[in-house]
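All remarks here apply to the structure that follows.
The values are calculated or read from the model by the stated rules, or taken from the named source; none is laboratory data. Every value quoted in this text rests on a predicted model; they were computed, and no experiment measured them. All Cβ positions, even for glycine, are placed from backbone atoms using ideal geometry, and neighbour counts span all protein chains on display. Just so you know, the surface numbers come from the protein's heavy atoms only, side chains and all, with ligands and any DNA or RNA stripped out. Shrake-Rupley method; radii C 1.70, N 1.55, O 1.52, S 1.80 Å.
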Amino acid sequence: MSAQIIDGKTIAKELRAELKTEVEGLKEEHGITPGLAVVLVGEDAASQVYVRNKHRACKRAGIATRDLRLEADATHEEVMNVVRELNADPDIHGILVQLPLPDQVDEEEILNAIDPNKDVDGFHPVNMGLLLAGQPSFVACTPKGVMHMIDTLGIDLTGKEAVIVGRSNIVGKPQALLLLYKHCTVTICHSRTKDLAEHCRNADVLVAAVGRAKMITGDMIKPGATVIDVGINRTEDGSLVGGVDFAAAVEVAGEITPVPGGVGPMTIAMLLRNTVDAARASAGL
Ligand code: GUN
């Protein structure tokens, strides 16, 4: 039996269409154009593609964007100054500093410097803390997008075993909390986990946020499980693959996201959602 393929592209497209209508309303009724600033430091090829896609999606939804580029050898202070200027700019409602940053720039300090009210990535400790406290404000776009996908599929999460592979601030940790709030029993696995396969085989919902191609093999998946692949890796022949061995997993899972066309488009749709929310909040709406 073959799994249902979760079409992130289509789900995201619907969301973006709704957001476009909402942005038009904000402009007409309140004179507000949501504005997102994207800061890219250096020439990382993957980051350049991500940033281009973010600008394009914003433009299509009627969100104004500002493209700020700094050289790969930019100093920590130069990046800090860009963030400070954006914090003070009333036309900018959302600030995104594309990660990773070059070594000479202290990532933690930069993220901490972003005004939490403009933190559309949800990486600021204030927003991470609010999520932990069960009072979510801005939630990281990828885990938020995963939850929207699961919700769209109509899957009831109550009492399900959810296993997340990866413990990053960007995906693993917020994903665990979001699944917990939907009443899953949550396990976070990571590079030091003793028997990863055993944990994975227990998962009704498996979220793979791993940086190695096809690390999650077919025999690690419980028959009928919902498999969400957050990984994105370029192979030697130039194609994109996830952290899950899709060809094997599709024969075992109940539902599965493809790479590309699964989680990626959802992340961008949630960035637009957060930017519109930031613009609304700035106007007291
Ligand atoms: N690099 C990879 N994913 C992300 C993301 O969601 N936000 C930012 N700012 N950088 C990233």
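Think of the chain as a dipole: +1 on every Lys or Arg Cβ, -1 on every Asp or Glu Cβ, centred on the Cα centre; then among Val230, Asn81, Ala203, Ala203 lies furthest on the positive end. Computed in the context of the full set of protein chains, the accessible area of segment 45-97 at 1.4 Å probe radius has 51% of its extent on carbon or sulfur. Among the trypsin sites (Lys or Arg not before Pro) within segment 196-285, those in coil by DSSP and having at most 15 neighbouring Cβ atoms inside 10 Å are Arg212. Per residue, segment 183-283 exposes 43 Å² of solvent-accessible protein surface, assessed with a 1.4 angstrom probe and all protein chains in place. Bridge orientation summary for the chain: considering DSSP beta bridges with both residues in this region, about 5 percent are antiparallel. Give the angle, between 0 and 90 degrees and rounded to the nearest 10, that separates the Cα long axis of helix 8-30 from the longest principal axis of the Cα atoms of the chain. Long axis of 8-30 versus the principal axis of the chain: about 20 degrees. Excluding ligands, DNA and RNA, the accessible surface per residue across segment 19-173 is 47 Å² with a 1.4 Å probe.
Using just its DSSP H runs of length 4 or more, each adding -39500 (n - 2.57), the chain gives a mean residue ellipticity at 222 nm of -13000 deg cm²/dmol after division by all residues. Here segment 20-129 is assigned +1 on the Cβ of each Lys and Arg and -1 on the Cβ of each Asp and Glu. Its dipole about the Cα centre then comes out at about 720 debye. With R₀ fixed at 25 Å, the C-beta to C-beta distance from Arg56 to Asn169 puts the FRET efficiency at about 0.45. Toward the positive end of the charge dipole of the chain, with +1 on the Cβ of Lys and Arg and -1 on the Cβ of Asp and Glu, the farthest Cα among Gly159, Ala72, Pro90 is that of Gly159.
Model label sites at Glu77 and Glu18, defined 7 Å from Cα along the beta-carbon direction, differ in position by 4.7 nm.
Here the spin labels are modelled as points 7 Å beyond Cα on the Cα-Cβ line, and at Arg69 and Asp156 they lie 5.2 nm apart. Using heavy atoms of the protein chains and a probe of 1.4 Å, the accessible area assigned to Thr21 is about 90 Å².
With +1 on each Lys and Arg Cβ and -1 on each Asp and Glu Cβ, and nothing else charged, work out how big the dipole of segment 118-219 is about its Cα centre, in Debye to the nearest 20.
So the dipole magnitude of segment 118-219 works out to roughly 300 debye.
For the chain, the dipole from Cβ point charges (+1 on Lys and Arg, -1 on Asp and Glu) about the Cα centre works out to 640 debye, to the nearest 20. Between the listed residues Leu179, Val250, Ser282, the Cα displaced farthest toward the positive end of the dipole of the chain, a dipole computed from Cβ unit charges relative to the Cα centre, is found at Val250. Using the Karplus relation 6.51 cos²θ - 1.76 cosθ + 1.60 with θ = phi - 60°, the per-residue 3J(HN,Hα) values for segment 159-165 come to x, 6, 7, 10, 10, 10, 9 Hz, with x marking Gly and Pro. For segment 1-47, the C-alpha radius of gyration divided by 2.2 N^0.38 Å, with N the number of residues, is 1.81.
Of the GluC sites (Glu not before Pro) found in segment 71-106, those in coil by DSSP whose Cβ has at most 15 other Cβ atoms within 10 Å are Glu71. Once you divide the Cα radius of gyration of the chain by 2.2 N^0.38 Å, the number left is 1.00.
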